[in-house]
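In what follows, a single structure is set out as structure tokens and then discussed.
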Amino acid sequence: MISRFPFLRPFALLPALVCLGLAWAGHAQAQAQERRPYPSQPIKLVVPFAPGGSTDIVARLVADAMREPLGQPVVVENKAGAAGLIGAEAVARARPDGYTIGVGTISTLAVNAVMLKSLRRDPPEALAPVIALAQIPSVFSTHPSLGAADLQSLVAILRAQPDHYTIGSAGVGSIGHLIAEAMNEALGVRLRHIPYKGQGPVVNSALSGETQVLSDQYPSSSSLVQSGRLVPFAVAAPQRLPALPQVPTLAEAGYPALNRLAITWFGLVAPAGTPPAVIDTLHHAARQALQQPAVQARLEQLGVVPMGGSPQQFAALISDTRAQIQQLVQQRRLVLD
């Protein structure tokens, strides 16, 4: 058609010139963006679980407090599913420029790395530790009908009837499953593990007496324990909880490894390859956020303990926890996916 109308030939190049111009403009904008000090635009923080849980609440609290030191908003985006794998992989595959970061937990950074290897499309090393944000104590309790007043009496009851009593978890391969196996290993008992679909049904089963032993994060079980609907026999925490001064930690009771495993922790991660200067900026902002009195007061109210520390210390925590889980898997001869 153009060959029959020579005067149209110059216009044949117009689409290509427009595309070339747009590409050049995009490249120039990207270069300008890279030259500007980080951060020069809002940062997305991916939470790998649904809204409303402890991890989400703390993430939003810290994200809001990071705005002032960063000079940019940190916007939380929830990407739940597949035991946290969907959200973790979204961060791992993001451009390593500091504008997409995530919350990494004991589940996504340690448990899944050992228990759910076949579900991962990205190795754990695809995420770079930034800072450990917080840890959440756990409380171990029983249904009142069991008649266990403390850990010693519970162990006696469980040993008297092996495989008779049960403990629930949020599913096979979950941190609750591992804690159940670790209890059997450490205490020399044989609790039957019952997997449920989520932690909510696990708590409900303990309240109804369907299962007799419960391991749960303290913030979600605190009212049940305080009201007497569940009887606490131990906590997993660095030290005794002020709200339960009569209840010993598992470390005090002689089970430091179980105490360590049952403390939930989480922190900030970035895609591997994120420049060290960007990691430092994020680390500094998060550390400042954790030091704000309002943030500390809210964390205390939630029963959450702030952490902090360097990226290297967070990396060591992840590595140590993975090694502990791997050892437990071998000891209990657990069948992985």
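Coordinate-derived values only; no laboratory data. Nothing here was measured: the structure is a model prediction, and the numbers come from that model. Using ideal geometry, Cβ is built from the backbone for each residue, glycine included, and neighbour counts are taken over all protein chains shown.
Helix 311-332: angle to the longest alpha-carbon principal axis of the chain, degrees 0 to 90, nearest 10? That works out to roughly 50 degrees. The trypsin sites (Lys or Arg not before Pro) found in segment 164-208 that occupy coil by DSSP, while having at most 11 further C-beta atoms within 10 Å, are Lys197. Residues within the reach of a label modelled at Glu252 (point 7 angstrom out along Cα to beta-carbon, backbone nitrogen below 15 Å), restricted to segment 202-233, are 232-233. Amide H to amide H distances under 5 Å link Ser169 with Ile194, Tyr196, where only residues 5 or more positions off or on other chains count and H is placed in the peptide plane.
Applying 1/(1 + (r/R0)^6) with r as the Cβ-Cβ distance of Ser319 and Lys197 and R0 = 41 angstrom yields a FRET efficiency of 0.85. Magnitude of the charge dipole for the chain, about its Cα centre and with charges confined to Cβ atoms of Lys, Arg (+1) and Asp, Glu (-1), is about 820 debye. Compared with the alpha-carbon gap, the fully stretched path from Ser40 to Ala272 is longer by 81.5 nm at 0.36 nm per residue. Taking all Cα pairs closer than 8 Å and separated by 6 or more residues, the relative contact order of the chain comes to 24 percent.
The tail of the calculated P(r) for the chain beyond 36 Å holds 29 percent of all Cα-Cα pairs. If both residues of a DSSP beta bridge must be in the chain, then about 65% of such bridges are antiparallel. When the charge dipole of the chain is built from unit charges on Cβ atoms (+1 for Lys and Arg, -1 for Asp and Glu) and taken about the Cα centre, the candidate among Leu328, Tyr196, Ala206 whose Cα reaches farthest toward its positive end is Tyr196. Within segment 138-261, DSSP assigns beta bridges of which about 60% are antiparallel (rounded to the nearest 5).
Expressed as an acute angle from 0 to 90° and rounded to the nearest 10, what is the orientation of the C-alpha long axis of helix 175-187 relative to the principal long axis of the chain? The angle comes out near 30 degrees. Only helices enter the 222 nm calculation for the chain: every DSSP H run of n ≥ 4 contributes -39,500 (n - 2.57), and dividing by all residues gives -14000 deg cm²/dmol, rounded to 500.
Comparing Ala148, Ala156, Ala289 in a Gaussian network model of the chain (Cα springs below 10 Å), the most mobile by mean-square fluctuation is Ala156. A Förster distance of 35 Å, applied to the separation of the beta-carbon atoms of Ser208 and Gln296, puts the FRET efficiency at 0.40.
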